[in-house]
């Protein structure tokens, strides 16, 4: 805001919520402002007042023109060629962008998205560590003698070797001696 010479009292309140501009985040603008924007050059231009939502976000982009704005200007954007065409008083106005600047913005946006994802994963990990710490400090219930008796095998059991033909195989199973032959 300060780069545009705007103060907080220049903004009008707004209840818009943005989704999908920053990965995984939604945000509310701190206000909106109406600015005159010139498209084209001094010999052939179009001047339009545009309402801008002012958002406090870290982003590689300084402004985004949404579909309603593009529709109002009857503008046709071509993202692959970084061009936008719109009608003007002397015919079409073609607005082009710098490819290097576009790549720089895309790279900065990717870094920002990656840092936001890493920060969110770190917050999730911190929550998991805190929950694990709480669980480890929780008291472990003591065993009752009745519970221990319920899980003791009966006296009538025997060990049976799983592979009696191999003397080096030392695994056994415990079975009851009073089992039915079926």
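The values are calculated or read from the model by the stated rules, or taken from the named source; none is laboratory data. Model, not experiment: these values are computed from the prediction. Every residue, glycine among them, receives a Cβ derived from its backbone with ideal geometry; neighbour counts consider all protein chains shown.
Here is how the numbers come out for the structure above:
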{"read-out": "Verdict on residue 68 being closer than 19 Å to residue 105 by Cβ and either modelled with pLDDT under 80 or touching a helix residue (DSSP H, G or I) at 6+ places or on another chain (Cβ under 6 Å) (or both)", "value": "no"}
{"read-out": "Filter pass, residue 63 being over 30 Å from residue 118 (Cα atoms) and either at pLDDT below 80 or under 29 Å from the mean Cα position of the chain (by Cα) (or both)", "value": "no"}
{"read-out": "Test: residue in the range 91-101 that is out of contact with any strand residue (DSSP E or B) (no Cβ under 8 Å at 6 or more places or on another chain) and modelled with pLDDT of 80 or more", "value": "yes"}
